[in-house]
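Chemist: After the structure tokens below, expect a handful of questions from me.
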């Protein structure tokens, strides 16, 4: 197993959230540090324009208003290039920030890239994961291997947003 295929270190509540600055769908740099003072949902997903990832992104877009009122910003991270993120955002009318991590440095830092099961086979890839980063930049919660469907509703319930 090569170093890049090794299981990533998982984050736990209280850990410092790995800082990042990545380009969004328009190539504009987005930094986690820019959100200091607010809580941020950082969610990692395998690929734009795929059914599960589309469901999840649409659900986050629909919840974005309530989440923002509750003091939460949303940043989606995938290995997709900005051009693909732009197509994804425009095609699905997404209203959330999507950033590009083609080298998977941020995905690895969050423990969201490594061996996983896909249709019963072990493969190496993006592990669908969601993190809540508190206003001081620490991990408030870390969820790995989340389901694309129903995840945002579950997150809303956990946050007391109905």
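The values are calculated or read from the model by the stated rules, or taken from the named source; none is laboratory data. It should be emphasised that the depicted structure is a prediction, and the values quoted were computed from it without experimental measurement. For neighbour counting, all protein chains shown are included, and Cβ atoms are generated from backbone atoms with ideal geometry for every residue, glycine included.
Chemist: Mind telling me which of the residues 33, 25, 17 ends up being surrounded by fewer than 12 Cβ atoms within 10 Å (Cβ to Cβ) and either within 14 Å of residue 76 (Cα to Cα) or modelled with pLDDT of 95 or more (or both)? Give the steps one after another, and end with the answer.
Modeler: Numbers: 25 fails: surrounded by fewer than 12 Cβ atoms within 10 Å (Cβ to Cβ); 17 fails: surrounded by fewer than 12 Cβ atoms within 10 Å (Cβ to Cβ).
Of 33, 25, 17, the one residue that is surrounded by fewer than 12 Cβ atoms within 10 Å (Cβ to Cβ) and either within 14 Å of residue 76 (Cα to Cα) or modelled with pLDDT of 95 or more (or both) is 33.
Chemist: One residue is enough: does the stretch 64-72 have a residue meeting the conditions crowded, with 20+ Cβ neighbours inside 10 Å and in contact with a helix residue (DSSP H, G or I) (Cβ under 7 Å, 6 or more places away or on another chain)? Break it down stepwise before answering.
Modeler: Going residue by residue through the stretch 64-72, those that are crowded, with 20+ Cβ neighbours inside 10 Å are 67, 72.
Within this subset, residues satisfying the condition of being in contact with a helix residue (DSSP H, G or I) (Cβ under 7 Å, 6 or more places away or on another chain) are none.
Scanning the stretch 64-72 turns up no residue that is crowded, with 20+ Cβ neighbours inside 10 Å and in contact with a helix residue (DSSP H, G or I) (Cβ under 7 Å, 6 or more places away or on another chain).
Chemist: Separate question: Go through the stretch 105-126 and give me each residue that's farther than 20 Å from residue 19 by Cβ and touching a helix residue (DSSP H, G or I) at 6+ places or on another chain (Cβ under 9 Å).
Modeler: Restricting attention to the stretch 105-126, the residues satisfying the condition of being farther than 20 Å from residue 19 by Cβ are 114-125.
Once the filter is applied, which keeps residues that are farther than 20 Å from residue 19 by Cβ and touching a helix residue (DSSP H, G or I) at 6+ places or on another chain (Cβ under 9 Å), the stretch 105-126 yields 114, 115, 124.
Here's the yes/no breakdown for (1) surrounded by fewer than 18 Cβ atoms within 10 Å (Cβ to Cβ); (2) modelled with pLDDT of 95 or more; (3) at positive phi:
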{"position": "90", "(1), (2), (3)": "yes, yes, no"}
{"position": "93", "(1), (2), (3)": "yes, yes, yes"}
{"position": "97", "(1), (2), (3)": "no, yes, no"}
{"position": "112", "(1), (2), (3)": "no, yes, no"}
{"position": "122", "(1), (2), (3)": "yes, no, no"}
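Chemist: Moving to a separate point now. Looking at (1) crowded, with 20+ Cβ neighbours inside 10 Å; (2) modelled with pLDDT of 95 or more, find the lone condition where residue 53 falls short.
Modeler: Here residue 53 clears every test but (2).
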